[in-house]
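See below for the structure under consideration.
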Amino acid sequence: MPSPVMEAAAELLRHRRARAEALQLTLLQRRAAFEANAELSLAATDVEAEPTVLSGVACDRLNGTAKEGTLLYLHGGGYCVGSPRTHRELAGRLARSANRVGVLPDYRLAPEHPFPAGLEDALAVYRSLCETEGEPPALAGDSAGGGLALALLLRLRDEGRPLPPRVAVLSPWTDLTLGGASMQDRAGRDPYMSKAALAAFAEAYATVGDRERPLVSPLHADLTGLPPMWIEVGSEEVLFDDAARLHDKALAEGVRSTLFVGEGLFHVWQAVPEAPEALAASDRIGAFLAGSST
């Protein structure tokens, strides 16, 4: 059963979703609201962010005294909203748990910059980190950032570049065709995300013809040769099948994969500051990224 903190967060998300739907917010209005709603997590964090620029991409550098390498974290937001500011608390907490320096890029967003702009930015930052650190960073992301992390892995593999040692994806959006059965059968249970909102994000990010491409929808890719994956998803999510199908496909294609299901939880619950479930997730995911768990 979810903790009281999580129950309160779910109720807040239901309220915000109902308001956005009632007001018929545009993507740009949703972006502004998402930034405004970040105040709760910003108030809860003690992560210090140092601005930097890597290969022309503005980034936040987090947890600068860590000793075990770097974590490249790609934020969620449907490829249309979100920023280093909105995800600083979550990315910093995970990086600290893994004892890694976090790097959080401000990659370009749709609709102004549709596919493949965000992927190009992620690749540029990754290559810069490999050059400056002398080794590949670990990789993580949530929601669309999880899908972007997987697309980055595919791009690196296909170009013969060094791969991250491990990747963790939280509630990853892996199928922009919205083909998972959970889009319908969990629609009444998900307090946060809806198929209609995801459809609007998908339309802004990629053309209909591009949405089955592996670099847009990694679920449609051959995953052979990718590094070990840690996948987390809430049991109540419309995106549940995006995570579950990714896990099954990874195992079938020889990729080591672990799927953790948060019972009674919602999309990217790991981002709720100070909730016991989120703190446990930090320890769990951090241990995986640090290489101390399978």
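Among the residues of segment 200-236, those that are buried (at least 21 other Cβ atoms within 10 Å of the Cβ) and in contact with a strand residue (DSSP E or B) (Cβ under 9 Å, 6 or more places away or on another chain) comprise 223, 226, 229, 230, 231, 232, 233, 234, 236. One residue stands out among those in segment 1-21 that are exposed (fewer than 13 other Cβ atoms within 10 Å of the Cβ) and touching a residue at least 40 places away in the same chain (Cβ under 8 Å): the one that is nearest to residue 277 (Cα to Cα), which is 1. Inspection of segment 116-134 finds no residue satisfying the criterion of being modelled with pLDDT of 95 or more, under 17 Å from residue 288 (Cβ atoms) and surrounded by 19 or more Cβ atoms within 10 Å (Cβ to Cβ). Residue 26: surrounded by fewer than 14 Cβ atoms within 10 Å (Cβ to Cβ), more than 21 Å from the chain's Cα centre (by Cα) and within 26 Å of residue 211 (Cα to Cα), yes or no? Yes; evaluated as a whole, the condition is true for this residue.
Only one of the numbered conditions (1) over 30 Å from residue 100 (Cα atoms); (2) aliphatic (A, V, I, L, M); (3) free of Cβ contacts under 8 Å to residues at least 12 places away in the same chain is not met by residue 33, and that is (3). Being at pLDDT below 95, surrounded by fewer than 16 Cβ atoms within 10 Å (Cβ to Cβ), among the acidic types (Asp, Glu) and closer than 16 Å to residue 109 by Cβ is true of residue 35. Counting only helices (runs of 4 or more DSSP H) that sit wholly inside segment 1-77, those with at least 1 residues that are at negative phi, in contact with a helix residue (DSSP H, G or I) (Cβ under 6 Å, 6 or more places away or on another chain) and polar (S, T, N, Q) are 39-44.
Could you check segment 64-83 and list, in sequence order, the residues that are modelled with pLDDT under 95 and either within 16 Å of residue 170 (Cβ to Cβ) or not charged (D, E, K, R) (or both)?
64, 65, 66, 69
Test residue 108 against the criterion of being of a type in the set (Lys, Arg) and modelled with pLDDT under 95, and give yes or no. No.
The values are calculated or read from the model by the stated rules, or taken from the named source; none is laboratory data. Every value quoted in this text rests on a predicted model; they were computed, and no experiment measured them. Neighbour counts run over all protein chains shown; Cβ positions are idealised from the backbone, glycine included.
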